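**Student:** The structure that follows is given in the form of structure tokens.
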Amino acid sequence: GGELARLAKAASAAASAGAGQAAAGQAPAANKLSWKEGVFVPCLLNIWGVIMFLRLGWVVGEAGVLFACLIVVASKLVTTVTALSLCAICTNGEVQGGGVYFLISRALGPIFGGTIGILFFVAQAVATSMYVIGFAESFEEVLISSGAGSITGDARWDITVIGLITSVLLLCVALVGVGWYAKCQGGLLVTLVVAMLAVIIGAAYPGIPDAEANLAAESGGK
């Protein structure tokens, strides 16, 4: 009995000391991303990505301006409702490791959480494939237009090879940790902003660097 009492007293003292350290701010800092690196920058990269640069024109051409606008409005409604729902869940408790997976499993339970988690995983996998293919297509076009030539002799296989290499690089970045992930996000955001500024400047000043060269590039000439 005396030994059990001593152990219980020691455990209580250790718990009290840990609580005191946490209250004093002495708890070890968790490896987390800030709201800019974990929320703001990824959202901007999703908005300013393959859909806007490569697929939006195709959607307008296939569906027309009116239906394309309706698609954008419907997508905006879905994302707004989802964001508000997540905000309501986040404000009801602390978000621990796992991010959105933690929210889904704790807020909806194992049945609904598991179902939505599987769909979320599939959506992320499909989105990753779409972005990798979009990058590979653009990179292959840059190789051809710059005169470097094809890698394999076939455009489809070029896209496959570039996409495979890109996927491996992304896997390495993900395995290294959130630090490199955040750094890569910042570099990609700067690249996208520069690209958008180049489009705006090119539309306002078509003579930069040379009007004839720009027309030749637009028409696919040399």
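**Student:** Could you check the spin-label model distance between V176 and K76? Points 7 Å from the Cα along Cα→Cβ, value in nm.
**Tutor:** Rounded to a tenth, the inter-label distance reads 3.7 nm.
**Student:** Using Cα pairs closer than 8 Å and at least 6 residues apart in sequence, work out the relative contact order for region 77-190, in percent. All intermediate terms of the calculation are to be shown ahead of the outcome.
**Tutor:** Values: 46 pairs, mean separation 15.1, N = 114.
That works out to 13 percent.
**Student:** Ok, one more. Counting only protein heavy atoms, what percent of the accessible surface of region 127-181 is carbon or sulfur at a 1.4 Å probe?
**Tutor:** Working: 2720 of 3700 Å².
Roughly 74 percent of what the probe reaches on region 127-181 is carbon or sulfur.
**Student:** Between G64, A182, Y101, whose Cα lies farthest towards the positive end of the dipole of region 32-189 when Lys and Arg beta carbons carry +1 and Asp and Glu beta carbons carry -1, centred on the Cα centre?
**Tutor:** Going by the Cα projections, it comes out as Y101.
The values are calculated or read from the model by the stated rules, or taken from the named source; none is laboratory data. Since this is a predicted model, take the numbers as computed values, not measurements. In this analysis, Cβ positions are derived from the backbone assuming ideal geometry, glycine residues included, and neighbour counts consider all displayed protein chains. Heavy atoms of the whole protein, side chains included, go into the accessibility calculation; ligands, DNA and RNA do not. Shrake-Rupley method; radii C 1.70, N 1.55, O 1.52, S 1.80 Å.
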